[in-house]
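The values are calculated or read from the model by the stated rules, or taken from the named source; none is laboratory data. Bear in mind that the values here come from a model prediction, so they are computed numbers and not experimental data. Cβ sites come from the backbone with ideal geometry, for glycine too, and all protein chains shown count toward neighbours.
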Amino acid sequence: MMDSMKRIIILFCATLFGAALLSGCAGNAPAFNPSQSPAATPVQTPAETLAPTPTPLTEAMVLQDLQDTWGDLFQPALLSYFPEAFFQAENSWQFFDVEPEERAWLLACTEAFSQQLTESLESVSQEVSNRLGLAVQMEESQISAPSWQLCAAIFQASGSPEAGQAALKNSMAVSAEVLSSSPASVQLSISVEPLPYKEALAMAAADEAALRSAQFLYSYLLTVYDAEMNELEYVQPAPEGSLAEGIVWPLESHTRLRKTWFADRDDGARKHTGTDIWAEADTPIYSCTDGIVTSISTSSGQGNAVIITDPYGYEFHYYHMIRQTDFLQEGDPVSAGELIGHVGNTGNSDRDHLHLSIISPEGLFINPYPYLAAVEP
């Protein structure tokens, strides 16, 4: 019995001690505060599900969008102006095979193209505004349509109405400058102008022969006619570059220099845009100036020909050679007085002679006679 009482007393004391221990622990524990709970570990969202951060529009992006939009949106409508016969001839002389009034379509076509350029820029600015979500304002715009002379040469080089229309569009260069900008608008200065004539014709021509023909046509029309297609009274430009410094006589010996500039050719259909020097067949021909060989060719009009471009951009054309020059290649440098060919009677020619033409960097024919007469032996 005594043992039983001891076990009861020990159990009772243990219970009291446990209760007191639990009570003390509970009293020292802070109350639960959600704001002081440990921070939850953030869940990483895959990168592809995150909303992209908008890229701010830069001036370069606006200008590129303008050029791209113009390229896509501008589609000139000129086919109704083209006479069917214009694309049927095989060479540039088709321009001279019709009466002057039958060429007037070129003026109307050029004017229509200029108007379509203006209207297109207005549509392009609205399209860019809509796509980019900001007001695109053309504060200063300069539109320079190609001359009718360049249009005629581009059409000639292209070979068909559809190709001519596309080539004319591609001949235009669009550039722009940001004058001022804000998050809601941008003010632009836009310029639309033709490429340099050689670049424009190179883009239009299907081959080298078409390019040479178109370049000759452009230079002829630019030299002989004004902006309204009236014949000009030729005025010799002031000498520059190699012409101002002086050229050398192009033949081995003294021969007959003829004053044939602007003489009638092809029964009066065109003017002669060069100077002829009579000489015996196979007489050596020398370059009048330092330069680079830019063309060695054969054609029905020029015969065997060599073109030398001097350091100032003047082209010296030597025509009707007895055979095609095979001791030079295009790209070769030559010096004044260096052999480039031999006198002949090939192409549109009726006797052995050297035909020399000079074309300025702007595309104008220069009368060679006074320069040749100054160095004639």
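Tabulated data for the structure shown
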{"quantity": "Options ASP226, ASP207: the member that is modelled with pLDDT of 95 or more and more than 15 Å from the chain's Cα centre (by Cα)", "calculated": "ASP226"}
{"quantity": "Residue in region 89-108 that is hydroxyl-bearing (Ser, Thr, Tyr), free of Cβ contacts under 8 Å to residues at least 60 places away in the same chain and either buried (at least 17 other Cβ atoms within 10 Å of the Cβ) or closer than 22 Å to VAL224 by Cβ (or both) present", "calculated": "no"}
{"quantity": "Close pairs (6 angstrom Cβ cut-off, 6 or more residues apart or separate chains): touching a residue at least 24 places away in the same chain (Cβ under 8 Å) in region 156-182, surrounded by fewer than 18 Cβ atoms within 10 Å (Cβ to Cβ) and part of a helix (DSSP H, G or I) anywhere", "calculated": "SER160/PHE87; PRO161/LEU79; ASN170/MET203; VAL174/GLN67; VAL178/GLU59"}
{"quantity": "Residues that are under 18 Å from ILE292 (Cα atoms) and at pLDDT below 90, drawn from region 239-253", "calculated": "none"}
{"quantity": "Selected residue [modelled with pLDDT of 85 or more, under 17 Å from ALA210 (Cα atoms) and buried (at least 16 other Cβ atoms within 10 Å of the Cβ)] from SER158, SER120", "calculated": "SER158"}
{"quantity": "Filtered residue count, region 260-277, keeping only those that are of a type in the set (Asp, Glu) and assigned to a strand (DSSP E or B)", "calculated": "2"}
{"quantity": "For HIS320: the one exception among (1) out of contact with any Gly (no Cβ under 8 Å at 6 or more places or on another chain); (2) at pLDDT 95 or above; (3) under 19 Å from TRP261 (Cβ atoms)", "calculated": "(1)"}
{"quantity": "Of residues in region 164-187 being assigned to a helix (DSSP H, G or I) and in contact with a Phe, Trp or Tyr (Cβ under 9 Å, 6 or more places away or on another chain), the one farthest from ASP68 (Cα to Cα)", "calculated": "GLY164"}
{"quantity": "From GLY347, GLY337, residue being outside any strand (DSSP E or B) and over 21 Å from SER253 (Cα atoms)", "calculated": "GLY347"}
{"quantity": "Considering residues of region 285-303 that are buried (at least 22 other Cβ atoms within 10 Å of the Cβ) and not aliphatic (A, V, I, L, M) only, the residue nearest to the chain's Cα centre (by Cα)", "calculated": "GLY291"}
{"quantity": "Which listed residue is among the hydrophobic types (A, V, I, L, M, F, W, C), in the same structural domain as TRP70 (by TED's automatic domain parsing) and in contact with an Asp or Glu (Cβ under 9 Å, 6 or more places away or on another chain), from LEU201, LEU179", "calculated": "LEU179"}
{"quantity": "Output for region 111-149, where each listed residue is over 16 Å from PRO76 (Cα atoms), of a type in the set (A, V, I, L, M) and either outside the structural domain of ALA206 (by TED's automatic domain parsing) or in a helix (DSSP H, G or I) (or both)", "calculated": "VAL128, LEU132"}
{"quantity": "Lone qualifier among GLN126, GLN75, GLN116 - being more than 19 Å from ARG270 (Cβ to Cβ), within 26 Å of the chain's Cα centre (by Cα) and free of Cβ contacts under 8 Å to residues at least 12 places away in the same chain", "calculated": "GLN126"}
{"quantity": "Whichever residue in region 254-271 is within 19 Å of GLY337 (Cβ to Cβ) and touching a strand residue (DSSP E or B) at 6+ places or on another chain (Cβ under 9 Å) and, among such residues, is modelled with the highest pLDDT", "calculated": "LEU257"}
{"quantity": "Qualifying position, being outside any strand (DSSP E or B), of a type in the set (Gly, Ala, Ser), in the same structural domain as ASP276 (by TED's automatic domain parsing) and closer than 14 Å to ARG212 by Cα, among GLY313, GLY301, GLY331", "calculated": "GLY301"}
